[in-house]
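Each remark here refers to the structure printed beneath this line.
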Amino acid sequence: MSLYASPEEYGLADLLCCAASREVQDNEIVFAGTGLPMVAIMLAQKTHAPNLKLIFEAGTLDGRPPELPTSVGDARCESGASRSSGLFDAFSIAQRGYVDLGFLGGAEIDLYGNVNTTCIGDYLNPELRLTGSGGNPDINSFAGRTVFIMVHEKRRFVENVSYITSPGWRVKKWPGGEFVHRKELYGSAFRGGPSAVISTAGVFRFDEQDGHMYLDTCHPGKTPAEIKELCQFELDISRVAGETSPPTREELHFIHDVLDPDQIFIPKVKKA
Amino acid sequence: MSLYASPEEYGLADLLCCAASREVQDNEIVFAGTGLPMVAIMLAQKTHAPNLKLIFEAGTLDGRPPELPTSVGDARCESGASRSSGLFDAFSIAQRGYVDLGFLGGAEIDLYGNVNTTCIGDYLNPELRLTGSGGNPDINSFAGRTVFIMVHEKRRFVENVSYITSPGWRVKKWPGGEFVHRKELYGSAFRGGPSAVISTAGVFRFDEQDGHMYLDTCHPGKTPAEIKELCQFELDISRVAGETSPPTREELHFIHDVLDPDQIFIPKVKKA
Amino acid sequence: MSSDKRITLQQAAEIVKNGSSLTFSGFTIWRRPFAVIFELIRQQRKNLHLIEVNGGPQTEFLVGAGCVDIWESCWVGHELYGKYGANLSRKVGEKEILVEDYSHAEMLFRFTAAASGAPYAVTQTSLGTDIHNPEYDVLGRAGKRDGKRIAKHKYIFTEDPFYGAGAQILIPAAKVDVAILCVQQVGEEGTVRVNGQLYSDPEVARAADITIVMAEEIVPEEYLRRNADQNTIATFEVDHILECPFGAHPTGMFGKYDVDGAFLKEFYAGTRTQEGYDAFAKEWIFGLDHIGYLEKLGWPRMLNLRANTALNYRPRK
Amino acid sequence: MSSDKRITLQQAAEIVKNGSSLTFSGFTIWRRPFAVIFELIRQQRKNLHLIEVNGGPQTEFLVGAGCVDIWESCWVGHELYGKYGANLSRKVGEKEILVEDYSHAEMLFRFTAAASGAPYAVTQTSLGTDIHNPEYDVLGRAGKRDGKRIAKHKYIFTEDPFYGAGAQILIPAAKVDVAILCVQQVGEEGTVRVNGQLYSDPEVARAADITIVMAEEIVPEEYLRRNADQNTIATFEVDHILECPFGAHPTGMFGKYDVDGAFLKEFYAGTRTQEGYDAFAKEWIFGLDHIGYLEKLGWPRMLNLRANTALNYRPRK
């Protein structure tokens, strides 16, 4: 039997979860958001990164929840942690530079990895007010790398996001608002930026020099041309490395039998 | 039997302790330093101020130590406290404005209540380096009132202290260093200042308008003229209210039988 | 002295005046002081200014009821049980509410500054985002920045002069009139012991001018003082206390009960429109008191949320 | 993974290089990492830069031994057992050491800033004192303010621009190479549980680039993780651990042993002169290791300091 699952054995959420999980390296300190990223990180912990340290924004440090928390404030976060305290600790630690990797989401993203979770349309007269920033810009400002997990629709991969909630590789320099490279603005607080976007179509990375997103791998069944068509900005498809690796059978086992058996975040695909 | 002890029944340390204790009002939040002030505050707690809240600088809030701590970092501080944590809490609470009263000491004091605990002589070429500030200026900056307990010697009650460690009613405005009223410098952080000096000679208070120290009460056996002679600056003795009340028999009982039976801070005077 | 601080739910709500600024304990859908929130809605409080490290169902209930004029925070939603704050979103669209956006860390540092008596904090978060867009200073545009309770500036740009660390953002301390906390235990004199994650409760309690603590149980002070290093908030930081079991429902409480996800889902699904909100409030808030609310929820529902003592949450199987 | 972080006393001292900046756990005469302090003296470390929230016997021992070039802090002494720091005082008089004075709260806020990754803090303490006298910037006068490890300015005066609160002092974050902590318990992976007052241990551990934790006992991680909300410092903030019973002697440790006042008194009385210091060091430091030191102290002395488990200190009667 193959290491990798065959297409009928997994769903899109499984694929995203496993792709996200593989962004984690062993021994890293990872800032976990609610939802699929939480499953992805715990999957990494069960597989290739047993020594990763998990920080929950609500205040649990080096957490090892025995049962999947439904959010970062969940009572389950505290079980087995090295220390449970509060947001002051979590954000102080993050700003101090301890965090290697954060997982985030967004409603819109631009070529530079700027992400919007605040509103659609003019901020002062919005078509739709969203949840707001949460810790998205903070984790993105403080961590060495951030990975975004997003639904891929053309209206989400846009030329200009309605509101830059979370900073990409080229950001606005205030008070003027001209775009500059993140490195220029962040000074000695510069530690990196978005390192990958895992969408429902493919995996994207960034050229740290010009700050542009490029397509790294296409999800099984998708072509670079199709994916380019799903972006309003000019997507670089010259550096495609191939196809996104499917989930392994071991990964699917951990996701569905151990981590999320109740399908809270990841639905189970019935075998054909 | 009189409420008050007769002169042969108490020592100078008893007198200072009781005078200090009487500066505490019930329900106040009091920042306690090591030594005699600690006994004074706990004496107030046993007598007229049962609801005072004691803060120890090292991080114990609303403490009720069953046995006298020998310093504010002592393991005894934690027993029976509302919360034990650390300096960040103690100083945050103080800067936030919770503290009504602090007790402090000093090596030198001037007319305005500026106190020195740092060095004798030129700071850059000192005759004698002392302990340094500790929390003296902090408690004095943050509390509503501060009371200083000092040995009264002419070399200590000076025209100009060698170094202003802790701010009085008229302080130096930097970068120039000209003296201004404390109120002018502290802005909305102004909450008060030194309210009393309890020396081995008498009790002194301050005119908050001109910021000058004046003699309030003379300790038994001392005259205003004698005390004036013990100050290098021009001491106002026009407002003397009388003699410092001696310890009561009840106070002496608490000091020697309950709080400090081992005479750690306050020696016991044998009855004649 | 032991009962000085005790008040009732009604009195707790009455301490919050029309126009007060207000903040809460908890985090998104955990440990929100719902029994007081419901009472505020019953008492039809108006013109509230919410300043929250993060929002959640409590924001949505108050906003939907028309209690809130200004919301300063970073996030609102129901986590897994409702993607965003539909009531806030509706009122923003209808310009019935002013929203001032900060980042999560900024809100936390604003409360930390206030809690330690500093007028502002310095941070390097969120540089280059529209959170710092000078055009998007909503309270400034509305002429609300009087420099008293609302700072003269939303933020100020500066540079680190000590180590050359580059751009810094100064953000004003969060000044709030009242903080309402919902915790597991409070002592008779006000000592608070929070179990599990503290969220931003210590900062919030200290930042506010008046702090009200609603607890699952009021316990003897002496019990809490036996282990001072396990306590979270000291007596003198707490002005009023009240006991109110299940006071956080429908949000959860570590060690006591889980989040009532079904309740939140129903609220989220049913209150996209004002009519929907009004119907929900009519059913679940008005005409009930806290005991009536619990009786309406019923024993089976509440027993099903009950946390396991060894685990501090309700295991899924 | 469980033994990765373990080092010996000798190795702990070797991590501190000549010229390192260094700070410690504890408060005045409590929980100072003396076993490592003694080892640093035996290894004749030089040119150390101590940055301490407050000083104490550990300062005096290192300063007397000639290990220290710069001391930034606010206080040194032995509390009840010695009025001031006689070794520091002597070396200041002889201009063998640079002393930079801040206030106690300033030192604490400097570490808090460093611990939360901010380059500086804002405070209103000590306004109008000589602590802020521009002439008294000792490290500036000595040309040490390179803006790297030592800030370009001792402090900066400013005004609150948000609420008009008036004069403010900006003080630089405390940047330190190594923090050495002495605590009751550390887990195999580095989780620290401090009992009793925390002093400034959490800030100090997080501010330093390298954090070494010496504990009375190394315990199974799993034991500490059963009650995560009682732990003080998380695994990833700790780089090295070692077990060293009675490692804080002659200072005290909550729940374990009281301060050895007689030892401190003898040190204070005997080390006013350099000759006195050298004789004391010859007797108590050189030629001994930690076990030799404990044996020299002897059982009766140590049993007499032992804390009562119920009280956490040794009752006087």
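The values are calculated or read from the model by the stated rules, or taken from the named source; none is laboratory data. Remember, predicted model here, so these are calculated numbers, not experimental data. Because the Cβ atoms are built from the backbone with ideal geometry, glycine has one as well, and the counts that use them run over all protein chains shown.
Values for this structure:
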quantity: Options D:205, D:215: the member that is under 20 Å from residue B:88 (Cβ atoms) and of a type in the set (Gly, Ala, Ser); calculated: D:205
quantity: Members of region A:156-168 found to be more than 10 Å from chain C (Cβ to nearest Cβ) and more than 20 Å from residue A:35 (Cα to Cα), listed by number; calculated: A:157, A:158, A:159, A:160
quantity: Scope region C:134-149; condition touching a residue at least 12 places away in the same chain (Cβ under 8 Å) and either on the phi > 0 side of the Ramachandran plot or touching a helix residue (DSSP H, G or I) at 6+ places or on another chain (Cβ under 8 Å) (or both); matching residues; calculated: C:136
quantity: Residue match in region D:220-228 (condition: touching a Phe, Trp or Tyr at 6+ places or on another chain (Cβ under 8 Å) and touching a residue at least 60 places away in the same chain (Cβ under 8 Å)); calculated: no
quantity: Restricting region D:63-118 to residues that are among the charged types (D, E, K, R) and over 22 Å from residue D:208 (Cβ atoms), the residue that is nearest to the chain's Cα centre (by Cα); calculated: D:79
quantity: Test: residue in region C:99-110 that is closer than 19 Å to residue C:175 by Cβ, buried (at least 22 other Cβ atoms within 10 Å of the Cβ), touching a Gly at 6+ places or on another chain (Cβ under 8 Å) and more than 13 Å from chain A (Cβ to nearest Cβ); calculated: no
quantity: Residues located in region D:69-78, provided they are of a type in the set (A, V, I, L, M) and either buried (at least 24 other Cβ atoms within 10 Å of the Cβ) or more than 12 Å from residue D:19 (Cα to Cα) (or both); calculated: D:76
quantity: Residue that is farthest from residue A:81 (Cα to Cα) [pool: residues in region C:193-218 that are of a type in the set (Gly, Ala, Ser) and more than 14 Å from chain A (Cβ to nearest Cβ)]; calculated: C:208
quantity: Single residue of region D:137-183 satisfying the filter (part of a loop (DSSP other than H, G, I, E, B), surrounded by fewer than 19 Cβ atoms within 10 Å (Cβ to Cβ) and of a type in the set (D, E, K, R)) that is farthest from the other protein chains (Cβ to nearest Cβ); calculated: D:144
quantity: Residues of region B:113-155 satisfying the condition of being part of a loop (DSSP other than H, G, I, E, B), more than 9 Å from chain D (Cβ to nearest Cβ) and under 15 Å from the mean Cα position of the chain (by Cα); calculated: B:113, B:143, B:144, B:151, B:152
quantity: Flag if residue B:63 is crowded, with 23+ Cβ neighbours inside 10 Å and at pLDDT 95 or above; calculated: no
quantity: The lone exception for residue A:205 - which of (1) surrounded by 22 or more Cβ atoms within 10 Å (Cβ to Cβ); (2) in contact with an Asp or Glu (Cβ under 7 Å, 6 or more places away or on another chain) it fails; calculated: (1)
quantity: Unmet requirement for residue C:19, which otherwise passes all of (1) surrounded by fewer than 23 Cβ atoms within 10 Å (Cβ to Cβ); (2) under 16 Å from the mean Cα position of the chain (by Cα); calculated: (2)
quantity: Residue check, residue A:216 outside any strand (DSSP E or B) and of a type in the set (Asp, Glu); calculated: no
quantity: Unmet requirement for residue B:95, which otherwise passes all of (1) closer than 23 Å to residue B:192 by Cα; (2) surrounded by 24 or more Cβ atoms within 10 Å (Cβ to Cβ); (3) polar (S, T, N, Q); calculated: (2)
quantity: Scan of region D:217-240 for residues that are within 17 Å of the chain's Cα centre (by Cα) and in a strand (DSSP E or B), ordered by number; calculated: D:233, D:240
quantity: From the options D:216, D:237, D:189, residue that is touching a residue at least 60 places away in the same chain (Cβ under 8 Å), acidic (Asp, Glu) and crowded, with 20+ Cβ neighbours inside 10 Å; calculated: D:189
quantity: Matching residues in region D:83-133 - criterion: being free of Cβ contacts under 8 Å to residues at least 24 places away in the same chain, assigned to a helix (DSSP H, G or I) and of a type in the set (Asp, Glu); calculated: D:130
quantity: Hey, residue D:203 of a type in the set (Asp, Glu), surrounded by 20 or more Cβ atoms within 10 Å (Cβ to Cβ), in contact with a Phe, Trp or Tyr (Cβ under 7 Å, 6 or more places away or on another chain) and outside any loop (DSSP other than H, G, I, E, B) or not; calculated: yes
quantity: Odd one out for residue A:122 among (1) touching an Asp or Glu at 6+ places or on another chain (Cβ under 8 Å); (2) within 18 Å of residue A:177 (Cα to Cα); calculated: (1)
quantity: Condition check for residue A:109: buried (at least 24 other Cβ atoms within 10 Å of the Cβ) and hydrophobic (A, V, I, L, M, F, W, C); calculated: yes
quantity: Search result, residues across region B:130-146 that are of a type in the set (Val, Ile, Thr) and either in contact with a helix residue (DSSP H, G or I) (Cβ under 6 Å, 6 or more places away or on another chain) or surrounded by fewer than 21 Cβ atoms within 10 Å (Cβ to Cβ) (or both); calculated: B:146
quantity: Qualifying position, being among the charged types (D, E, K, R) and within 20 Å of the chain's Cα centre (by Cα), among D:265, D:317, D:296, D:282; calculated: D:265
quantity: Residue A:172 at pLDDT 95 or above, buried (at least 19 other Cβ atoms within 10 Å of the Cβ), within 29 Å of residue C:134 (Cα to Cα) and not small (Gly, Ala, Ser); calculated: yes
quantity: Within region C:219-230, tally of residues that are within 14 Å of chain A (Cβ to nearest Cβ) and either surrounded by fewer than 20 Cβ atoms within 10 Å (Cβ to Cβ) or closer than 16 Å to residue B:93 by Cβ (or both); calculated: 1
quantity: Residues (closer than 15 Å to residue C:62 by Cα, more than 14 Å from chain A (Cβ to nearest Cβ) and hydrophobic (A, V, I, L, M, F, W, C)) located in region C:240-288; calculated: C:267, C:279, C:280, C:281, C:284, C:285, C:286
quantity: Residue match in region D:35-43 (condition: of a type in the set (Val, Ile, Thr), surrounded by fewer than 22 Cβ atoms within 10 Å (Cβ to Cβ) and more than 24 Å from residue D:150 (Cα to Cα)); calculated: yes
quantity: Elements of type helices (runs of 4 or more DSSP H) in region C:241-317, at least 1 residues being among the basic types (Lys, Arg), within 30 Å of residue C:90 (Cα to Cα) and in contact (Cβ under 8 Å) with a residue 40 or more places away in the chain; calculated: C:261-270
quantity: Qualifying residue in region A:245-266 (condition: within 19 Å of the chain's Cα centre (by Cα) and assigned to a strand (DSSP E or B)); calculated: no
